[in-house]
Amino acid sequence: MTSPKRRIRKAVFPVAGLGTRFLPATKAMPKEMLTVVDRPVIQHVVDEARAAGIEHFIFITGRNKGVIEDHFDSMFELEQTLAQRGKKNELELLARDLPAPGQTSFTRQQAPLGLGHAVWCARDIVGDEPFALLLPDMLHHAAKPCLADMIEAYEAHGGNHVAVSPVPMDQTHLYGIVGVEDDKAKVSRIKSMVEKPPRGTAPSNLHITGRYILQPEIFALLGKQATGAGGEIQLTDSMIALAECDGQEFHAVRFDGQIHDCGSKIGFLMANIAYALARDDLAPGLKAELKKLI
Ligand code: G1P
């Protein structure tokens, strides 16, 4: 049976990854702090969660990630200097982004055992309530935040939700893939899930884009989850167990905006261009410069 509906207040952000694909940029700086236009990648994802009404932000960090905690704290010396110099706009910008005291939590994953293990590390901070999970590499760019759409779907249906969008069939082995009852519907019940299916075996071309609403019963399953694809503890495998053994419902919520995978260089560069082109203060100048370059 699906648990009764409770409000989604907390969001988990797994930010422990090493970012080896961006070396040397990520040697001393977490990949989540690379900037898309003038905001770190992780700030964009926290913005999405905030806009969807999330009140508590839980970061699963690791060694070398301390600067993420600093980023979401106030910085007295900087604020004082800005105040002395009369930089009102900059002060307002910092104040707007600053979480309230007690709205953030940080815990370390300690060992890179996979996404499922990272999420399990949040179990005590999340407690016994449904929660959102946002994978920070994946920027979901749309007028309405992806997580807001998902919370609406959750309020209508309860249970568990994952955001999905189509990928070319020859890329399905790179993602978690779901089979749904109605692949044209905005929200559809999930019939099957598989993490990184071998080529030619995917149940559809709908991939899990990195946004989830999960019931807290997932934690007990993650705690005993064997390793799966890539020798890692996979979240998708525990989601399958939650559906099959606990009988919980999973829904796919189609995301129709743009997804930028900031874990890849092209995706990261495209995110910078797309986010800049969406800004009135930057679009005209950027377009003119891009035309000259190409
Ligand atoms: C993870 C999930 C996968 C999902 C993907 C989205 O995989 O396990 O189901 O499709 O994120 O980016 P990873 O990219 O960590 O290998």
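The values are calculated or read from the model by the stated rules, or taken from the named source; none is laboratory data. Model, not experiment: these values are computed from the prediction. Reconstructed Cβ throughout: ideal geometry from the backbone, glycine too, with neighbour counts over all protein chains shown. Just the protein is used for accessible areas: all its heavy atoms, side chains included, with ligands, DNA and RNA removed. Shrake-Rupley method; radii C 1.70, N 1.55, O 1.52, S 1.80 Å.
Worth a mention:
- Look at the stretch 89-112: where a residue is over 14 Å from His71 (Cα atoms) and a partner is open to solvent by 80 Å² or more (accessible area, probe 1.4 Å), sitting 6+ places away or on another chain with Cβ atoms under 8 Å, you get Arg108/Arg63; Pro112/Leu18.
- Screening Ile58, Ile54 for residues that are of a type outside the set (Asp, Glu), touching a Ser or Thr at 6+ places or on another chain (Cβ under 7 Å) and surrounded by 18 or more Cβ atoms within 10 Å (Cβ to Cβ) leaves exactly one candidate, Ile58.
- Within the stretch 236-288, the set of residues being of a type in the set (Lys, Arg) and either modelled with pLDDT under 95 or away from the ligand (no atom under 16 Å from the Cβ) (or both) comprises Arg279, Lys287.
- Within the stretch 61-75, being open to solvent by 60 Å² or more (accessible area, probe 1.4 Å) and touching a strand residue (DSSP E or B) at 6+ places or on another chain (Cβ under 6 Å) holds for one residue alone: Glu69.
- Enumeration of residues in the stretch 8-42 that are part of a loop (DSSP other than H, G, I, E, B), more than 17 Å from Gly114 (Cα to Cα) and touching a residue at least 60 places away in the same chain (Cβ under 8 Å): Ile8, Arg9, Leu34, Val37
- Sole exception among (1) open to solvent by less than 40 Å² (accessible area, probe 1.4 Å); (2) within 16 Å of the ligand (Cβ to nearest atom); (3) not in a helix (DSSP H, G or I) for His117, by number: (3)
- Counting only residues that are open to solvent by less than 90 Å² (accessible area, probe 1.4 Å) and under 26 Å from the mean Cα position of the chain (by Cα), the stretch 76-99 holds 6 of them.
- Per-region count, the stretch 165-179, residues more than 17 Å from Ile259 (Cα to Cα) and in contact with a strand residue (DSSP E or B) (Cβ under 8 Å, 6 or more places away or on another chain): 2
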